[in-house]
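Below is one structure, written out as structure tokens; the observations come after it.
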Amino acid sequence: MDRCCRRGPLAAAILLCAGIAAADEPPGVTLGATVIFNTKCANCHEGECSGRLSFYDLPKESADNHIRRYAGKVKGPVVRQLQYLLEQMKTTCRFYPMPVATPPGQRWEARALDQLALPDGLWHFVPLGPLGCGSWRVEVTVATNAIMRAEIIAADFDFIDDEYLYLRAGTTGVLAFDVERPQAHYLRIEARVPVELSSVAVIPAE
């Protein structure tokens, strides 16, 4: 998806914020829906925290079409989940908690990472768990050649690190950063070509 929404005009994003009818009841939010939202939707809406839910101007069909324009050909239940996640983002000003447990040692292996990727292999969204104040490293090992953008984002949408990684299969890229406020953090990857991740590890820097 074009990333102009966060760095340029917000015309496309405004359509969604201005026009979706709020769901009557919160839908059950799946892991797949949160990965879609945090890759295809959130990067247009991060920081749009207002507490104002003006989701009534567009007809339901128009709002659904807008969601599918960016999220892909998702089914109706997923559309409702994405709508709910946007409402939560605007009211809590934080990422919605992902329905998945951080693995022991804060190290994700390939099989677990597969569920945190979109089917096209271009996007991953990995919860790194709560990080305390201090210096940290995130080590990303790839199974295939990779050209990708890697972002470290705090739960409250504070962008901690943003780097391009050029990696050969079997090698590891490192993101080093400092945490000033303890909270959950996330790794978002946008690849130029489909990429398979072997592991993602979070390590306190010495």
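Whose amide H sits under 5 Å from the amide H of VAL142, counting only residues 5 or more places off or on another chain, with H placed in the peptide plane?
Placed amide hydrogens put GLY170, THR171, GLY173, SER198 under 5 Å from VAL142.
Can you list residues from other chains, or at least 5 along the same chain, whose modelled amide H is less than 5 Å from the amide H of PHE157?
Long-range HN contacts for PHE157: PHE95.
Using bins 10 angstrom wide from zero, how does P(r) for region 63-206 break down, in % of all Cα pairs?
11, 39, 36, 14, 1
Each residue of region 134-143 in order: what ³J(HN,Hα) in whole Hz does its phi give by Karplus 6.51 cos²θ - 1.76 cosθ + 1.60, θ = phi - 60°, with x for Gly and Pro?
My calculation for region 134-143 gives x, 9, 9, 10, 10, 9, 10, 9, 10, 8 Hz in order.
Return the sequence-ordered ³J(HN,Hα) values of region 192-205 in whole Hz as given by the Karplus equation 6.51 cos²θ - 1.76 cosθ + 1.60 applied to θ = phi - 60°, using x for Gly and Pro.
Taking θ as phi minus 60°, the curve returns 6, 10, x, 10, 10, 9, 7, 6, 9, 10, 10, 9, x, 6 Hz for region 192-205.
Could you pull out every residue, at least 5 positions away or on a different chain, whose amide H is within less than 5 Å of the one on ASP162? Hs are placed 1.01 Å off N in the peptide plane, and Pro or chain starts have none.
Those qualifying (amide H under 5 Å, at least 5 residues apart or on another chain) are ILE152.
What are the ³J(HN,Hα) couplings of region 97-113, residue after residue, when phi is run through the Karplus curve with 6.51, -1.76, 1.60 and θ = phi - 60°? Round to Hz, x for glycine and proline.
x, 7, x, 7, 8, 5, x, x, x, 6, 10, 8, 9, 4, 4, 5, 5
When every alpha-carbon pair in region 91-132 is counted, what percent end up more than 18 Å apart? Working shown, then result.
Details: 300 of 861 pairs.
Of all Cα-Cα distances in region 91-132, 35 percent exceed 18 Å.
Taking all protein chains in place and a 1.4 Å probe, what share, in percent, of the accessible surface of region 142-203 do carbon and sulfur account for?
Working: 1330 of 2720 Å².
Carbon with sulfur: 49 percent of the solvent-accessible area.
The values are calculated or read from the model by the stated rules, or taken from the named source; none is laboratory data. Quantities reported herein were computed from a predicted structural model and do not represent experimental measurements. Ligands, DNA and RNA are excluded from the accessible area calculation, which covers all protein heavy atoms including side chains. Shrake-Rupley method; radii C 1.70, N 1.55, O 1.52, S 1.80 Å.
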